[in-house]
Each structure stands twice: as structure tokens, then as C-alpha cells.
Amino acid sequence: MATKSVLLIIGGGIAAYKSLELIRECAKRGIRTRAILTRAGAEFVTPLSVGSLTGEKCYTDLFDLTDEAEMGHIELSRAADLVVVAPATADLLSKPANGVAGDLASTALLATDKPVLFAPAMNVRMWAHPGVQRNVATLKEDGALFVGPNEGDMACGEYGAGRMAEPSEIADAVEAYFAASSDGRLKGRHVVVTAGPTHEPLDPVRYIANRSSGKQGYAIAAALAKLGARVTLVSGPTELPAPAGVDTVRVQTAREMMEATMSALPADAAICCAAVADYRPEIETNQKIKKERGGLSSIPLTENPDILRSISSLDVGRPGLVIGFAAETDDVLCNAEAKRKRKGCDWIIANDVSSGTGTMGGENNSVTVISEAGQESWENMPKARVADRLAAYIADALSKRAT
Ligand code: C5P
């Protein structure tokens, strides 16, 4: 499922050890890394540790005939979607700023046709030096991106600006770049999203509902719209405002949600995020049920239509990509995979809603994306980031199918 890749250039600074963690952070986000280690960088970390973490050969030498035969330095500099320099030493900043190339890293920096993200790391006085600041200004003018440096204690014992940004911050910057650069990727696509709970009335004042807040579904609708998709959001009752640029249809019951979703088709993708009530009261009375008149001792229920299964099993007009959610409390992945098969959808997003995880109604989500190809677990993150990443995956999947 993951397709984005980064060429990581590791320079010679003590922060090089953090670049090993950066490789892992990128992998967690589904981003592939290939690395170049400078001669000075190899004084701090070894090609073996870098290669083991990237799962790829670690490139070190411009004049290595075997490396050049396998992959030339020009191709290496262009194969990735983004070049990241971490740690970016004063030396590594000065070379591209002045059009100088003398080794594999600096040559790749001049030869690349991709944007470059620098994560500077150096002593506070070095960072403040006018020569370094001139180079940084030049690189920014040339379109380079920067993350950090941060202020704090330095390995050399001094305090100030010059600490390399943390690996998670650099990976966030990489991810943000990919999200921003993919704007418009869903232009011309129509996506239907269901979100929120449903309310199943018992009488004019009472209903059966669940704890779904709708936050994840609304965030997904917004993220898809950001990528240029035309989005129809079919929402059960929530407190949330309609996301900007999204056609929002508000409904109450599962049957209304089914009708609104089906009439929103055709679509390139359908994402069923709603916590649809599986059952509704068999009888809805027009008058409030009174305790004095015997009240209720039991509520006969009848099954609601299954929207996800209905869309997945459409013979004509099935969206190319149908995604369901599986909020589970136990044996999460096993139950979710069984649900994917039962419902007939392409992907299922599993999340653990056992007590204490705070997923339902909360701001964060821990999900695993399950498809025929396998499972991919994402770290716990804000629902908006789950949405951005999922939208990017949807854009990738749709781009591989015919329009
Ligand atoms: O409730 P359940 O665990 O079966 O939900 C799994 C998936 O099926 C979710 O994506 C949900 O939106 C969808 N669903 C549906 N219609 C139903 C029940 C569930 O679309 N009646």
C-alpha cells in the first residue's frame, strides 16, 4: 500500500544516531527510505546499521563501480520522492548552496530533481555564523525546505539553537510535504463517506443510539476534499459542523442513511465510517410510551439494512474501492479480517475500542489497515492525521485503477 520514498543523506554529526530512529519513524508512516552515508557520517553510524534499518543497500561512495553499475548516482538522486538531509552539517549546507559537488552526497544534492528537506545540526555558534546563515538563506531561495534546528542542550556542552529536530518532527515534516504535494490528486473523483451514529426511534422522544462522535468520518471527508475529491458525507446526528467544501447530507436512522448513501452513487470510492445501528425497534409509536400505561419491559428489535455490505455487493455501479471500519473490543485484527470477508469490502480499518483506549469520541485513533495484500498498523495519532494518511492511500489506490 505504501508508495512514497525518501533518499536520506546522513551527514557527519553526533545527531547521526538520531537518523537511525528517523528511518524507523518513516517506516512506521509507510515511507520507504534509501540512504547515502557521507564519509564523516560513517564515523558516527555504520553502513551496516543504516542498511539493516532501511532494508536496502546503504550508499557511501561516488566512485564505487559496483554501486554505479547497480544504480548510478543520478538515478539514486531522482528515484525518491523527496531528499532529506539529516543531520545537515555546515559542510552539507554549503555544497548545494554554492553549486559544489565532490562526493556522492553533494553530487546527489545537485543532481536531484526532487525537493530537499534539510534538518540542520551543529554547534550554536556555527549555526549563528553569517556564512552558514547566508547558505541557509540561499537554499531557501532555491526552494529547499527546513525542519529545525531546535534550541536546547547540545552534545558539545553548550546551549542554544543547533540541535537537530527530533526524528518524529522530521518524519512529520516529510509526511506534511507529501500531503501538501498531493493536492489535487483526487480531482475528478467522487467519494461517498458515511459517518456518525444513527438514531433509531422508539417513540417521538426516545431513541437507541451509540457513542460514535463522527470525528473520524468527518476528518476523512475533509482530507479527501483537500485532495480535490468531490465528497458526499452522509452523516448521522453529530455535533460537528459540516466540513468545508463537502456536500453533507444529514440523516437520523440507518434506513435514511442507506437511502441517502445509495442515491449519492455512483462514486469512485465509498468509505463506511458510520457506526450504524445493527437493529432498530420493531415498532415506532407516534405517541410517547407512558410508564403508567404499562411502559416497556422489553423492546422487540428488527435488523437494519447493512450499507457497507449492500455497496460491496452491487453488481452494477460498485465503487472501485469500498472501505469499511471495524470497531472491535477483542481479538481486533482477527475479527476485522473476518468482517472484511463477510462484508465483501476491499479494505477494512480496524480499531480497538475496548474500554480505556478512548477512541470513541476521543481525538486520537490507533488503526490497522487490512486488505487482501495484508495488514499495516499505524501508531496512535490524531484522527486528522489518520484521515490525511488514509486519503493519500485512497488517492494512490485510485490512481492505479482506470478513471
Ligand atoms: O457494526 P459493524 O461492526 O458491522 O460495522 C462494520 C462496518 O460496516 C462499518 O464500516 C460500518 O459503517 C458498516 N455498517 C454499515 N451498515 C450497517 C452496519 C455496519 O454500513 N447496518
> Is it the case that segment 19-34 has a residue that's part of a loop (DSSP other than H, G, I, E, B) and either under 22 Å from Met154 (Cα atoms) or open to solvent by 20 Å² or more (accessible area, probe 1.4 Å) (or both)?
Replying inline: no
> Is there a residue being touching a Gly at 6+ places or on another chain (Cβ under 9 Å), surrounded by 22 or more Cβ atoms within 10 Å (Cβ to Cβ) and charged (D, E, K, R) anywhere in segment 163-170?
Replying inline: yes
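In segment 331-345, which residues are in contact (Cβ under 8 Å) with a residue 40 or more places away in the chain and either within 12 Å of the ligand (Cβ to nearest atom) or not assigned by TED's automatic domain parsing to the domain that holds Leu390 (or both)?
Once the filter is applied, which keeps residues that are in contact (Cβ under 8 Å) with a residue 40 or more places away in the chain and either within 12 Å of the ligand (Cβ to nearest atom) or not assigned by TED's automatic domain parsing to the domain that holds Leu390 (or both), segment 331-345 yields only Cys345.
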>> Suppose we filter segment 189-202 for residues that are in a loop (DSSP other than H, G, I, E, B) and more than 20 Å from the chain's Cα centre (by Cα); how many remain?
In response: 4
>> Filter segment 315-325 down to the residues that are more than 24 Å from the chain's Cα centre (by Cα) and touching a residue at least 12 places away in the same chain (Cβ under 8 Å) and list them by number.
In response: Gly317
> Is it the case that Ala108 is touching a strand residue (DSSP E or B) at 6+ places or on another chain (Cβ under 7 Å) and either over 20 Å from Ala16 (Cβ atoms) or of a type outside the set (Asp, Glu) (or both)?
Replying inline: yes
>> Can you list the helices (runs of 4 or more DSSP H) lying wholly within segment 37-82 that have 3 or more residues being modelled with pLDDT under 90?
In response: 65-70, 73-79
> Could you list, in sequence order, the residues of segment 257-283 that are farther than 17 Å from Ser212 by Cα and without any contact (Cβ under 8 Å) to a residue 60 or more places away in the chain?
Replying inline: Met258, Glu259, Ala260, Met262, Ser263, Glu282, Ile283
> So Glu328 clears everything in (1) open to solvent by 40 Å² or more (accessible area, probe 1.4 Å); (2) within 23 Å of the chain's Cα centre (by Cα); (3) of a type in the set (D, E, K, R); (4) within 9 Å of the ligand (Cβ to nearest atom) except one condition, right? Which one?
Replying inline: (1)
> If you go through segment 349-369 one residue at a time, do you hit one that is within 10 Å of the ligand (Cβ to nearest atom), surrounded by fewer than 21 Cβ atoms within 10 Å (Cβ to Cβ) and either within 18 Å of the chain's Cα centre (by Cα) or among the polar types (S, T, N, Q) (or both)?
Replying inline: no
> Here are some residues: Val174, Val132, Val136. Which one is in contact (Cβ under 8 Å) with a residue 24 or more places away in the chain, within 18 Å of Leu22 (Cβ to Cβ) and either assigned to a strand (DSSP E or B) or of a type in the set (A, V, I, L, M, F, W, C) (or both)?
Replying inline: Val174
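The values are calculated or read from the model by the stated rules, or taken from the named source; none is laboratory data. Everything quoted here is computed from the prediction, not taken from an experiment. Reconstructed Cβ throughout: ideal geometry from the backbone, glycine too, with neighbour counts over all protein chains shown. For the accessible areas, the whole protein counts, side chains as well, though only heavy atoms, and no ligand, DNA or RNA atoms are used. Shrake-Rupley method; radii C 1.70, N 1.55, O 1.52, S 1.80 Å.
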